[in-house]
1. For region 110-162, run through the trypsin sites (Lys or Arg not before Pro) and keep only the ones in DSSP coil with at most 16 other Cβ atoms within 10 Å of their Cβ.
2. Check each of the GluC sites (Glu not before Pro) in region 36-130 and keep only those in coil by DSSP with at most 11 other C-beta atoms within 10 angstrom; list them in order.
3. Please compute the contact order of region 42-203 in relative form: average sequence separation of alpha-carbon pairs under 8 Å and at least six residues apart, divided by the residue count, as a percent.
4. Tell me the net charge near Arg123. Cut-off is 15 Å between Cβ atoms, Arg123 excluded, with +1 for each Lys or Arg and -1 for each Asp or Glu.
5. Relative to the Cα centre, what is the charge dipole magnitude of region 46-191, using +1 at the beta carbon of each Lys and Arg, -1 at the beta carbon of each Asp and Glu, and rounding to the nearest 20 debye?
6. Near the amide H of Thr110, under 5 Å away, which other amide H atoms are found, from residues 5 or more places off or on another chain, if H is placed in the peptide plane?
7. For region 42-203, take N as its residue count and report Rg(C-alpha) divided by 2.2 N^0.38 Å.
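What follows is calculated from the coordinates using simple rules that are stated; it is not laboratory data. Computed from a prediction, not measured in an experiment: that's the story for all the values here. Neighbour counts run over all protein chains shown; Cβ positions are idealised from the backbone, glycine included.
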Amino acid sequence: MSFDALLGHFDFGDDPEDAPPFAGQAAPTVSGGRDLGQPRALHCGPVPALPAHVQDALRAEAALQLGRAARVNTHTMAEGGPVAAEVQRSDALLGFLRDQVPEGVVFEPTTSYYHWYGEATDRVEPHRDQADFFLGCILLLEHTHAGARSSRFTLHPPGGAAVEVPLEPGDAVVFFSGAVTHARSRPAPGERVNTLTFGFRLLPCGP
């Protein structure tokens, strides 16, 4: 499947500038668990290629990388270390992702980033990623909160309300992050979120 054919296969929505208003608004919770009721997320839930011991190693690396992290725009982030790089290039994860994308789509791993949200101003506004993250796998490593949960990961369908992607620690969402508008809302006081994003670049694959 060619890149142009892939774009034509999915309705990816409007430009990020046309996304629904987001600041301070709570996204509606999807009823019925993991079924988002639309094709913009290729997978949502546990990933067999990322078992508990692998995620423990990633959390340990995240704690180390936090000392090297910097605030970039609206939250704190740091590039993934050697553990994240090994996981991203593992046969297990690559095989799992190949099973999620449409037949004929070819991709290669690029880089990864740890993200932290804990301050009142931390968030990610609706956006689409660059080519190196056109296919994204976002793993929720940690999400703690003292009271009501406020920080939510959302997709923004064209012309509609934001749709929450229901994630528990250990879950991941896989989607075409270079084409699907997505965001994360602000945390409440005492709420902490740590995610790891694996990026993949699409490759030419013929007509």
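1. For trypsin sites (Lys or Arg not before Pro) across region 110-162 that sit outside H, G, I, E and B with at most 16 neighbouring Cβ atoms in 10 Å, the list reads Arg149.
2. When the GluC sites (Glu not before Pro) of region 36-130 are filtered for loop state and at most 11 Cβ neighbours within 10 Å, Glu103 remain.
3. 33 percent
4. +1
5. Using only the charged Cβ atoms, the result is roughly 380 debye.
6. Residues meeting the criterion, in which the H sits 1.01 Å from N, are Gly199, Phe200, Arg201.
7. Taking the Cα Rg and dividing by 2.2 N^0.38 Å, one obtains 0.98.
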